[in-house]
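This report concerns only the one structure given below.
The values are calculated or read from the model by the stated rules, or taken from the named source; none is laboratory data. Just so it is clear, the model here is predicted, and its values are computed rather than measured. Using ideal geometry, Cβ is built from the backbone for each residue, glycine included, and neighbour counts are taken over all protein chains shown. We work out accessible area using only protein heavy atoms, side chains counted, and drop any ligands, DNA or RNA first. Shrake-Rupley method; radii C 1.70, N 1.55, O 1.52, S 1.80 Å.
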Amino acid sequence: MKNQHFIDRSLKSLWNPCTQMKIQQAQSIIPIRRGEGVWLYDYDDKKYLDAISSWWVNLFGHNQSEIKKFITDQLDLVEHIMLAGLTHEPAINLSEKLSTLTNLGHAFYGSDGSNAIEIAIKMSVHYWKNKSQPKKNKIIYLENSYHGETLGALSVTDIKLFRKNYASLIKKNNPIKTPDWRYADKGETAESYALRCIRDLEIYLQENHQYIAAFILEPLVQCATGMGMYHSVYLRKARELCTQYEIHLIDDEIAVGFGRTGKMFAFEHANIKPDFICLSKGLTGGYLPLSAVLTTDEIYMAFYENKIEKGFLHSHSYTGNPLACSAALGTLSYFEGHDVINQNNKTSAYISERMKILATLPISNTRNIGMIWAFDLEEVTKKTLKKISMKAIDRGLLIRPIGQTIYFMPPYVINHDEIDFMIDTTLEVIESSL
C-alpha cells in the first residue's frame, strides 16, 4: 500500500500540531497526495470531503486555478524581499484593497493568526504608552475565547487545554462573560442574553477602564470552543462601551473573515468599525501563510515620531512575502469576479434545509451563521466521538469534532451532491455509533 509507506515515514519524522502523538500512532494518519475542489486524495487514491476547509483556511477549493496563477506570475519576478526599507507591488496592492474593504488603513503583515494577535496587542499597549498612559496595559477577552498559541495570544485565550502548561510564562489578563447563547437561561433569547453580558462588561469597564488597553473578541463565533455563536447586538454595544471608556476594540476575524458569516467581515453584521482587525486563514485561500493587521490612522500616527523607540519595531523575516501577498490578491480577485456572498447564501440555505434530517439524533443547540454550522451531541463519551470521526473518515468524510460539537465549515464551492454526501454520511455515522 502506498499510504502505509508515507504513514511509517511520517510517524518517524514529523511531530503533528494539536496532536497527542501516542494516540495518533495507534490510530494512524491520512497521507494526502493532492486536492481538487472540496476533495482531498490520499496515496491510494481514496478521496475525503474536506468538511472543515483544512482548519478553516480554504475558501474556494483545493487546487484553485485563479489563485495559483497569481502565485506563479509572481514567481517569475521575485520570491521574497525584506520589507524593512523596501516595498513591493503585491504588498502595496493588497494593503490598498484591504483598506478599502475594512475602512481601516496601513496594513501590517505577519505570518499567521497568532502573529497577527501579537501585533495587535503590542500595538495597542504601545499606543497608550506613546500617549503617556502606560498604566493602560491590560487586555480583556471573552471567556472560552481562542486567539492563538504564542504567549501573547495565549494570554487572551481561555481554553485551559492550550494554556495550563504554560501558565508561568503567560501575562495575566482578564476574561469577560461570554455572550455565547448556549449559556443563556431557559427561555432567554440570544439577544437578551447578549445584553445581559453587556451589562457585566459595562460594570467591569466602569471599575477598571484606566488599566485596560484593549478588548479583543472573535466576532459572532467563538470557533475553538465549539462554534459558540452570539447575537450581533453584543458587538454593537461593546463598540459603544470601548469608545466611551477609551479602550481599543480588537476584532479577531482570523477564522470568520472573508465571507464565512454571510458578510465579507463579521463586524459588518453590527455596522461597527473596530480599532484593529486581525486577518489570516482565508486571506490567501489556504495557499500560503500570511496574516494582516489593519488599524486606524489615529493609531498609526501615534507611532509617527522622530524617536525610534516610539516606532512599532515588531518584525520577522518573511513579513509581507510577495508570493503570499499574491495569493491573497488572487483570493480577493476571486471575490471580485464571482458573486461569492450571494452564492454562499444560496448554498447556506440548502445545507440548512438538508440538516433537518439530523433532528432525529440526540443533539442540541443546532446553530448556523453564513457558511458555518454546528450542533452538540448529548451525553456522548470521548470514545463515541472518536468512533464517529473514524467512521466518517472510513466513508470519506473529514470532520474534526470539538468536544461534543460537530461542525461543518466547507469550502464555498461545495455543490449539492457533495452537500448531500456530507449530511447523509454524518447522519449515518452518528446513528451507527450511538
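Only residues of the range 17-38 count here: report those whose backbone N is under 11 Å from the spot 7 Å along Cα→Cβ of S54, or say none.
32-38
Starting from the Cα of L434, step 7 Å along the direction of its Cβ; do the same at N271; then give the gap between the two resulting points in nm.
My value for the distance between the label points is 4.2 nm.
Let a ≥ b ≥ c be the square roots of the eigenvalues of the Cα gyration tensor of the range 199-251; is it rounded (a/c under 1.5), or, if not, prolate (a/b larger than b/c) or oblate?
In terms of gyration-tensor shape, prolate.
Using Cα springs under 10 Å in a Gaussian network model of the chain, which residue among T100, T319, T360 shows the largest mean-square fluctuation?
T360
Would you mind pulling out the separation of the Cα centroids of the range 134-186 and the range 247-268, in Å?
18
Taking only C-alpha pairs under 8 Å that are 6+ residues apart, what is the relative contact order of the range 1-105 in percent?
17
Using the Kirkwood formula on the Cα atoms of the range 163-229, what hydrodynamic radius do you get, in angstrom to one decimal?
Kirkwood radius, the range 163-229: 13.8 Å.
Can you give the Rg/Rh ratio of the range 327-381, where Rg is from the C-alpha atoms and Rh is the Kirkwood radius?
Radius of gyration relative to Kirkwood radius: 1.18.
Rounded to the nearest 20 Debye, what is the dipole magnitude of the range 237-330 about its Cα centre when Lys and Arg each give +1 and Asp and Glu each give -1 at the C-beta?
Here the size comes out at about 300 debye.
Based on Cα positions only, what radius of gyration and what Dmax would you give for the range 361-434, in angstroms?
Radius of gyration, then largest Cα-Cα span, for the range 361-434: 11.9, 34 Å.
Would you be so kind as to identify which of I117, N63, A302 lies farthest towards the positive end of the dipole of the chain, taking Lys and Arg as +1 and Asp and Glu as -1 on Cβ and the Cα centre as origin?
After comparing all options, I get I117.
Roll a 1.4 angstrom probe over the protein heavy atoms and tell me the percent of accessible area of the range 309-434 that is carbon or sulfur.
It is 51 percent, rounded to a whole number.
Calculate, for the chain, the solvent-accessible area per residue in square angstrom, rolling a 1.4 angstrom probe over the heavy atoms of the protein chains.
Per residue, the chain has 47 Å² of solvent-accessible surface.
Stokes-Einstein at 20 °C, 1.002 mPa s, Kirkwood radius from Cα pairs: D for the range 67-181 in µm² s⁻¹?
It comes out at roughly 126 µm²/s.
What's the longest uninterrupted piece of the chain once you rule out the chymotrypsin sites (Phe, Trp or Tyr not before Pro) that are loop residues per DSSP with at most 12 other Cβ within 10 Å?
Here the longest segment lacking exposed loop sites spans 16-303.
Sorted from largest down, give the three principal axis spans of the alpha carbons of the range 43-132, whole angstrom values.
Principal-axis extents of the range 43-132 (Cα, largest first): 62, 32, 25 Å.
Can you tell me how the range 111-165 classifies by the Cα gyration tensor, rounded, prolate or oblate, using a/c under 1.5 as the rounded cut?
Verdict is prolate for the range 111-165.
For the chain, give the share of DSSP beta bridges that are antiparallel, in percent and rounded to the nearest 5; count only bridges with both residues there.
65
Where Rh denotes the Kirkwood radius from the mean inverse Cα pair distance, what is Rg over Rh for the range 111-256?
0.95
Would you calculate a helix-derived [θ] at 222 nm for the chain, using -39,500 (n - 2.57) for each DSSP H run of n ≥ 4 and dividing by the full residue count, to the nearest 500?
-12000 deg cm²/dmol
Return a whole-number percent for the relative contact order of the range 203-349, with Cα pairs under 8 Å and 6 or more residues apart as the contact set.
The normalised contact order for the range 203-349 reaches 18 percent.
Could you work out the mean projected area of the convex hull around the alpha carbons of the range 1-50, in square nanometres to one decimal?
3.8
Could you tell me which GluC sites (Glu not before Pro) in the range 21-106 are loop residues by DSSP with no more than 13 other beta carbons within 10 angstrom of their beta carbon?
E79
If I model a spin label as a point 7 Å beyond the Cα along the Cα-Cβ vector, how far apart are those points for N16 and T381 in nm?
Going by the 7 Å Cα→Cβ label model, 2.3 nm.
Starting from the exponent 0.38 and prefactor 2.2 Å, build the expected Rg for the range 173-270 from its residue count and divide its actual Cα Rg by it.
Computed over Cα atoms of the range 173-270, the ratio equals 1.05.
If you take the Cα atoms of the range 205-323, find Rg, then find the Kirkwood Rh from the mean of 1/r over all pairs, what is Rg/Rh?
My calculation of the ratio gives 1.00.
Of M422, C223, G259, which is farthest along the charge dipole of the chain in the positive direction, counting Lys and Arg as +1 and Asp and Glu as -1 at C-beta?
C223
How large is the translational diffusion coefficient of the range 284-395 in µm² per second when you combine the Kirkwood radius over alpha carbon pairs with Stokes-Einstein at 4 °C and 1.567 mPa s?
The diffusion coefficient I find is 67 µm²/s.
In debye to the nearest 20, how big a dipole does the chain give about its Cα centre with +1 on each Lys and Arg Cβ and -1 on each Asp and Glu Cβ?
1280
Rounded to the nearest 20 debye, what is the charge dipole size of the range 156-306 about its Cα centre when +1 sits on each Lys and Arg Cβ and -1 on each Asp and Glu Cβ?
Here the range 156-306 has a charge dipole of around 640 debye.
Taking 1 over the mean of 1/r across every pair of different Cα atoms in the range 126-194, what Kirkwood radius in Å do you get?
After inverting the mean inverse Cα-Cα distance, the result is 13.9 Å.
Under 5 Å between amide hydrogens, which residues at least 5 positions from H62 or on another chain qualify, with H placed 1.01 Å from N in the peptide plane?
Under 5 Å from the amide H of H62 lie the amide H atoms of E36, G37, V38, W39, each far enough along the sequence or on another chain.
Quick one: of K177/K237; K47/K391; K46/K281; K22/K281; K2/K383; K131/K307, which pairs are farther than 20 Å apart, Cα to Cα?
K46/K281; K22/K281; K2/K383
Output the Cα-based Rg and Dmax of the chain in Å, rounding Rg to one decimal and Dmax to a whole number.
21.9, 68
Heavy atoms only, probe 1.4 Å: what % of the accessible area of the range 45-175 goes to carbon and sulfur, would you let me know?
Looking at the range 45-175 in its full context, I get 55 percent from C and S.
Please compute the modelled spin-label separation between T366 and N63, points set 7 Å along Cα→Cβ, answer in nm with one decimal.
Using points 7 Å along Cα→Cβ, the separation is 3.5 nm.
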